[in-house]
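Take a look at the structure set out below.
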Amino acid sequence: IEIKECDFTNNSNLDHTGTGIYSTNSMFTLEGRCVTQGQPDCVEWAHGLFENLDYGVYATTPVTSNYADIRHTDFTDNYRGVYLSGMTLPRVTSNNFTLDGTAASQSYGLYLDGCTDYWVEDNTFEGSGLTTELGIGIVVNESGKDVNLIYGNAFNYVEYAINVQGINRNDRLTTEGLEIRCNYYDNTLFDETV
């Protein structure tokens, strides 16, 4: 399934209700629309929007070959931005996650639960900018021993930028496993927690 420049906004009187995309056992691509085409790639994007929802995207699969490709999308004031479970090769790149400052501290932008071989790059995770930071940028749970990379993301005004839990490396003394590199942290209480 391919979804381009979609808008899912909860306009009800109740905050954080509903889910923008709920996917079970599927492969899908979610991306903005190319506004200006360059050579060889798109130069300017019109971002899709997921706003004021319980989940922007909730996707699970028991089949490891299923994946999600999420690019050039804004997740604004959601309780949970993107939750991915059991996927191999998910791609989450060039998105903007703005966490709702009124939500509980357990809110997050991206949660990778039992996913592996993922590509998480060039995303921004922004809190409300209040003096008390709330929420988590990225949660990684049990990504296993494979090489995984979280690279070049920016975090500002969040309590935990990256929270890693469970087994995320080879059990032998090797360099295989999760790598967190070249991310930018500003006004965070905890940059990386393991």
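The values are calculated or read from the model by the stated rules, or taken from the named source; none is laboratory data. Small disclaimer: the values here were computed from a predicted structure and weren't measured. Reconstructed Cβ throughout: ideal geometry from the backbone, glycine too, with neighbour counts over all protein chains shown. Side chains are part of the model used for accessible areas, which takes the heavy atoms of the whole protein and leaves out ligands, DNA and RNA. Shrake-Rupley method; radii C 1.70, N 1.55, O 1.52, S 1.80 Å.
Considering R33, R71, R91, which residue is touching a Lys or Arg at 6+ places or on another chain (Cβ under 6 Å) and open to solvent by 30 Å² or more (accessible area, probe 1.4 Å)?
Exactly one of R33, R71, R91 is touching a Lys or Arg at 6+ places or on another chain (Cβ under 6 Å) and open to solvent by 30 Å² or more (accessible area, probe 1.4 Å), namely R33.
Could you count how many residues in the range 110-137 are modelled with pLDDT of 90 or more, within 15 Å of N153 (Cβ to Cβ) and part of a loop (DSSP other than H, G, I, E, B)?
3
If we scan the range 1-17, do we find a residue that is crowded, with 18+ Cβ neighbours inside 10 Å and at pLDDT 80 or above?
Looking through the range 1-17, none of the residues is crowded, with 18+ Cβ neighbours inside 10 Å and at pLDDT 80 or above.
Could you list, in sequence order, all residues of the range 31-54 that are in a strand (DSSP E or B) and in contact with a His (Cβ under 9 Å, 6 or more places away or on another chain)?
E31, R33, C34, C42, W45, A46, G48
Could you list, in sequence order, the residues of the range 160-187 that are buried (at least 20 other Cβ atoms within 10 Å of the Cβ) and within 21 Å of S128 (Cα to Cα)?
Y160, A161, I162, N183, listed by residue number.
Residue check, S107 against (1) closer than 23 Å to S128 by Cβ; (2) modelled with pLDDT of 90 or more, all met but one. Which one?
Condition (2) is where S107 drops out.
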